[in-house]
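The values are calculated or read from the model by the stated rules, or taken from the named source; none is laboratory data. On a predicted model such as this, the values are computed, not experimentally measured, just so you know. Cβ placement follows ideal geometry from the backbone for every residue including glycine, while neighbour counts extend to all protein chains displayed. Accessible surface is based on the protein model in full, side chains and every heavy atom, while ligands, DNA and RNA are left aside. Shrake-Rupley method; radii C 1.70, N 1.55, O 1.52, S 1.80 Å.
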Amino acid sequence: MLAGQDYIAARPLATVVFLALKLGRPLFLEGEAGVGKTEIAKAIAKGLGRRLIRLQCYEGLDAASAVCDWNFAAQMIAIRTAEAGGTADRDALRTELFTEDYLIERPLLAAMRPQPGGAPVLLIDELDRTDEPFEAFLLEALSDFQVTVPELGTIKAPEPPIVILTSNRTREVHDALKRRCLYHWVDYPTFGREMEIVHARAPEATETLSREVVAFVQKLRGEDLFKKPGVAETIDWAKCLLALDVIALSPEVIADTLGAILKYQDDIQKIAGSPAKKLLDEVRAELTPAQ
């Protein structure tokens, strides 16, 4: 199923995805940025024909922001309209204002609602960016697959969503939340698997260019960099080189396109010039026997 969506997964990852779907357990994925954690949720949603609902985590995210909000502008208009018409009964107005008509659903509440085609895929992305109080709230929400809106009461999912949580491990996520999930560490792929990924995502690239791109990026990951390039950067770089009609790497081409694979100026300065040429020479020396 994943391969059908151009997601090339190793057997352990495919197995844990299968088990998460089969057992109805949340799946917790950790790994470096850019190794394909978010793409797994997209591939599952597309493969199953389900709606993908994404909660992008950030510092300061709280339960209210993740569940729902009230449309205050519409509520104020309703209040002004009632006052102008002389029908502003306070108790009746309060009841009318806090109904589904004025509710703005956020990702967690939307994931608890019935969806066409079946339960949605709920992606809780970069959980490590949030704090412990939000983790505690999430633990409760994922235990019973329900959320509480004070004005409306408890809303329970008729069918639990398929939950994927991701973390770049900038901090440790609490054990209690991890125990609710099946766990997998998504690592950088091997040379062979990364070649398969490039073939799937940038099929126009020649075999020679694909091999050089993948081998060079894998060499870069062995360097002392602030941010090592992920698979997403490998794919981006291959597409950039195709857009420039490049058929083989050269020091000049690498210098012109380093910003596709390295995202920090210090890293670019460290690699640009003779270090890049040295890495390319090593890549070509290693690839020559296989060509």
Q. What do you reckon, is E204 open to solvent by 20 Å² or more (accessible area, probe 1.4 Å) and either over 22 Å from A33 (Cβ atoms) or within 21 Å of the chain's Cα centre (by Cα) (or both)?
A. yes
Q) If you take the residues in region 41-65 that are touching a helix residue (DSSP H, G or I) at 6+ places or on another chain (Cβ under 7 Å) and over 15 Å from V121 (Cβ atoms), which one is surrounded by the fewest Cβ atoms within 10 Å (Cβ to Cβ)? A) E59
(Q) Let me spell it out: the conditions are (1) open to solvent by 50 Å² or more (accessible area, probe 1.4 Å); (2) in contact with a helix residue (DSSP H, G or I) (Cβ under 8 Å, 6 or more places away or on another chain); (3) touching a residue at least 24 places away in the same chain (Cβ under 8 Å); (4) over 27 Å from E172 (Cα atoms), and D69 meets all of them except one. Which number is the exception? (A) (2)
Q: Pairs only if they're at least six apart or on different chains, beta carbon under 8 angstrom, first in region 119-142 and farther than 13 Å from K178 by Cα and touching a residue at least 60 places away in the same chain (Cβ under 8 Å), second open to solvent by 10 Å² or more (accessible area, probe 1.4 Å) and polar (S, T, N, Q); list them, first residue then second.
A: L123/T38; D125/T38; D125/Q56; E126/Q56; E126/N168; R129/T170
Q: Kindly establish whether K22 is in contact with a strand residue (DSSP E or B) (Cβ under 9 Å, 6 or more places away or on another chain), of a type in the set (D, E, K, R) and part of a helix (DSSP H, G or I).
A: no
(Q) Looking only at region 194-222, filter to residues that are assigned to a helix (DSSP H, G or I) and small (G, A, S); which one of those is nearest to I247 (Cα to Cα)? (A) S210
Q.
Could you list, ordered by first residue, the pairs with Cβ atoms under 7 Å in which the first is in region 1-20 and farther than 13 Å from E39 by Cα and open to solvent by less than 60 Å² (accessible area, probe 1.4 Å) and the second is part of a helix (DSSP H, G or I) and among the charged types (D, E, K, R), at least 6 apart or interchain?
A. A10/R193
Q | Residues of region 244-262 classified as over 14 Å from A276 (Cα atoms) and either more than 29 Å from the chain's Cα centre (by Cα) or of a type in the set (S, T, Y) (or both), total | A | 4
Q: Given the conditions (1) open to solvent by less than 60 Å² (accessible area, probe 1.4 Å); (2) closer than 24 Å to P114 by Cα; (3) within 22 Å of the chain's Cα centre (by Cα), report the number of the one that I197 does not fulfil.
A: (2)
Q.
Can you say whether T38 is of a type in the set (S, T, N, Q), at pLDDT 95 or above, crowded, with 16+ Cβ neighbours inside 10 Å and not in a loop (DSSP other than H, G, I, E, B), as far as the supplied structure shows?
A. yes
Q.
Can you tell me how many residues within region 74-110 are of a type in the set (A, V, I, L, M), modelled with pLDDT of 85 or more and open to solvent by 70 Å² or more (accessible area, probe 1.4 Å)?
A. 2
